[in-house]
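Q: Just dropping this structure here.
The values are calculated or read from the model by the stated rules, or taken from the named source; none is laboratory data. Just so it is clear, the structure is predicted and the values come from calculations on it, not from any experiment. Every residue, glycine among them, receives a Cβ derived from its backbone with ideal geometry; neighbour counts consider all protein chains shown. These area figures cover heavy atoms from the full protein model, side chains too; ligands, DNA and RNA do not enter into them. Shrake-Rupley method; radii C 1.70, N 1.55, O 1.52, S 1.80 Å.
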Amino acid sequence: MNRLTKYANLINDLKEKKGGIIEAFHAIEKEYSYLPEDAIVEAAKTFNVSTAEAYGVATFYSMFSVKPRGKNVIRLCESAPCHIAGADEVFDALKRELGIDVGESTEDGLFALELTECVGQCQATPVITINGKAYLDVNPAKIPEILAEYK
Amino acid sequence: MAEEMRIVLRNYGKINPLKIDDYIAQGGYKPYDKACNMDAFELIQEVKSANLRGRGGAGFNCGQKWQFAHQAQADQKYVVCNADEGEPGTYKDRMIMENDPHALLEGMAICGYAIGATKGYIYCRGEYPQVVTILNTAIDQAQEKGVFKNFDVEVRTGAGAYVCGEETALIESLEGNRGEPRYKPPYPPSEGLWGKPTIVNNVETFANIPIIVEKGGDWYASIGTPAYPGTKILTLTGDINNRTFFEVPTNTTLREVIYKYGGGIPGGKKFKAVQTGGTSGAFIPENLLDTPIAFDSMSEIGAVLGSGAVFVLDETRDIVDVACRISKFFEHESCGKCAPCREGTMRIYDLMTKINGGKGSKSDTALLNKLGRVMSYSCFCGLGQAAPAPVLSTIKHFQADYDAKLM
Ligand SMILES: Cc1cc2nc3c(=O)[nH]c(=O)nc-3n(C[C@H](O)[C@H](O)[C@H](O)COP(=O)(O)O)c2cc1C
Ligand code: SF4
Ligand code: FES
């Protein structure tokens, strides 16, 4: 199946959902880790909105990326409870370990590094998530072991 | 640890959330049957008599809101659950949905009967994929068992925008648009989702409904403070021994929350400040800790109960740095629809970065005070209106910390 048919299928499955373009974008990101231009155009057609509107939606929400990015999206929470629990040190460890800065992806395409606000796991700060899965009470020493799960 | 009062969390740890039969064995869905045998208007009166006020932050009377939607004439109405839970330090709605999803579904179904809606949506934040799975399992089981009489629920997922917790922005997002707030009025109970009468309530609000129907509004109204009765689930974060959640009556004081339930400050350190209501709330000093957590008592001291997040700082913390970090949150989350917030949050963050970096002066805090005051009444929605509160409250109550950093 070529890429275009695959987007079309993913989007088509959701076309009965009124206002479901956000759900369609989630489905595409799950597959590709970002929203390719063709997929946004396709979604606009299916949900009967202009391409400009579809882009408007794609760029409004912080979980969506219109830029290609690494397969496993790492997010570090920088909200106040995580901040005072030492999120900065975890951040430095992630940057060191991955050799990239925030908003970048590793060259092998395996990881993307992003900051996020609270992910609702504040009972055990600091917190990072990888593809939505939360890692609690993280510290710099735990980072290599966590990343190894995705290699 | 002090005794809690678990009303909303009454089934917590007692049932398997993935088994509807467990919920039914605890008496679940009986209140829904009872509600459906009542006249819808009487049912709303019962909810009104409980004086249940919204647990999402704004504290609006729940029964009153339902009455507006009940009275609206339309071919279609909607029940929407606000499960966006974007307020930093808050995870109480997640606790409810992970541990007792049917309590939420039952509350929504009762609301559907009361206002005449056959369709419900749960708008769950994108950060909770595991919760979406639990909710979908619960919905499937409820449908298979045929517990809903004339109602169905669908889960939709947000995609990481704090502003989508604001009810009209949430509605925009459900419609598949950018989640920018709408002008009010019209309010959602008369014109909401796809222009139809819509009730938007918080997860905790809905989860209170079944027990109110079961035990009656008077019973509920007698718990906690009369003006904001019932219980509230609080989540404790920061420098606190018990970094956990509690459900307590609303007449509990902040001091009790921190020292009795929270077990005090770790390492024998002294208390410095507490921020309640999440990141958009004010920071409060020690001398105001005897305030009850109830909505109006908190407003009287310039604070908010909000989502029930309680964030504690000990004496060693740099409160200017924390307030600076928080101002970055608002700069990032401003949706950009209106200038006072779009520009104002950016300016607050600039000024706070300058002060925090030791390059600020007295005129910068004066400017912050003025900017914050203007934003609090000129911003289009609650995000921009509340954004200055953490900064202004720290300037007010912790002036010495600022002075120490000023040039
Ligand atoms: C910026 C902003 C964010 C909000 N976030 C939430 C939220 O995450 N969850 C919530 O229930 N209410 C949130 N609210 C409040 C809602 O607008 C609304 O008052 C609430 O969903 C009504 O439900 P309730 O009456 O049951 O509290 C937010 C409001 C604003 C202004
Ligand atoms: S106050 Fe801020 S979040 Fe609200 S509408 Fe204006 S720009 Fe958007
Ligand atoms: S503050 Fe980081 S997960 Fe909530």
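Q: If A:Lys17 meets every condition in (1) within 11 Å of chain B (Cβ to nearest Cβ); (2) open to solvent by 20 Å² or more (accessible area, probe 1.4 Å); (3) of a type outside the set (Phe, Trp, Tyr); (4) not in a loop (DSSP other than H, G, I, E, B) apart from one, which number is that one?
A: (4)
Q: Within 16 Å of ligand 3 (Cβ to nearest atom) and within 20 Å of the chain's Cα centre (by Cα), is that true of B:Gly224?
A: Criteria not met by B:Gly224.
Q: Of everything in segment B:182-201, what is away from chain A (no Cβ under 14 Å) and surrounded by 24 or more Cβ atoms within 10 Å (Cβ to Cβ)? Give them in sequence order.
A: Residues of segment B:182-201 away from chain A (no Cβ under 14 Å): B:182-191, B:197, B:199-201.
If the condition is that a residue be away from chain A (no Cβ under 14 Å) and surrounded by 24 or more Cβ atoms within 10 Å (Cβ to Cβ), then B:Pro188, B:Pro197, B:Ile199, B:Val200, B:Asn201 are the ones that fit.
Q: Please go through (1) within 14 Å of chain A (Cβ to nearest Cβ); (2) open to solvent by 10 Å² or more (accessible area, probe 1.4 Å) for B:Ile223 and return the number of the only condition it doesn't satisfy.
A: (1)
Q: Now for a different question. Please enumerate the residues belonging to segment B:142-156 that are part of a strand (DSSP E or B) and open to solvent by less than 20 Å² (accessible area, probe 1.4 Å).
A: If the condition is that a residue be part of a strand (DSSP E or B) and open to solvent by less than 20 Å² (accessible area, probe 1.4 Å), then B:Val153, B:Val155, B:Arg156 are the ones that fit.
Q: Here are some residues: B:Gly59, B:Gly63. Which one is part of a loop (DSSP other than H, G, I, E, B), in the same structural domain as B:Gly192 (by the TED database) and in contact with a Lys or Arg (Cβ under 7 Å, 6 or more places away or on another chain)? Write out each step before concluding.
A: Values: B:Gly63 fails: part of a loop (DSSP other than H, G, I, E, B).
Of the residues listed, the single one that is part of a loop (DSSP other than H, G, I, E, B), in the same structural domain as B:Gly192 (by the TED database) and in contact with a Lys or Arg (Cβ under 7 Å, 6 or more places away or on another chain) is B:Gly59.
Q: Within segment B:377-391, is even one residue modelled with pLDDT of 95 or more, over 21 Å from B:Ala169 (Cα atoms) and not hydrophobic (A, V, I, L, M, F, W, C)? Can you show your working first?
A: Step one: filter segment B:377-391 for residues modelled with pLDDT of 95 or more, giving B:377-391.
With the extra rule that they be over 21 Å from B:Ala169 (Cα atoms), the set shrinks to B:389-391.
Checking the rest, the ones that are also not hydrophobic (A, V, I, L, M, F, W, C) come to B:390.
There is at least one residue in segment B:377-391 that is modelled with pLDDT of 95 or more, over 21 Å from B:Ala169 (Cα atoms) and not hydrophobic (A, V, I, L, M, F, W, C).
Q: State whether one or more residues within segment A:44-56 are part of a helix (DSSP H, G or I), within 16 Å of ligand 2 (Cβ to nearest atom) and not aromatic (Phe, Trp, Tyr).
A: Within segment A:44-56, one or more residues are part of a helix (DSSP H, G or I), within 16 Å of ligand 2 (Cβ to nearest atom) and not aromatic (Phe, Trp, Tyr).
Q: Among the strands (runs of 3 or more DSSP E) lying completely within segment A:68-151, list those that include at least 2 residues that are in contact with a strand residue (DSSP E or B) (Cβ under 6 Å, 6 or more places away or on another chain).
A: Values: elements: A:72-77, A:111-116, A:128-130, A:133-135.
The qualifying strands (runs of 3 or more DSSP E) are A:72-77, A:111-116, A:128-130.
Q: Further question: Pick out the one residue from B:Ala83, B:Ala50 that is open to solvent by less than 10 Å² (accessible area, probe 1.4 Å) and within 14 Å of another protein chain (Cβ to nearest Cβ).
A: B:Ala83
Q: For segment B:172-203, give me each residue that is within 14 Å of ligand 2 (Cβ to nearest atom) and assigned to a helix (DSSP H, G or I).
A: B:Glu172, B:Ser173
Q: Another question, then. Out of everything in segment A:92-109 that is within 21 Å of B:Glu127 (Cα to Cα), touching a residue at least 12 places away in the same chain (Cβ under 8 Å) and open to solvent by 30 Å² or more (accessible area, probe 1.4 Å), what residue ends up being farthest from the other protein chains (Cβ to nearest Cβ)?
A: Checked segment A:92-109; the qualifying residue farthest from the other protein chains (Cβ to nearest Cβ) is A:Ser105.
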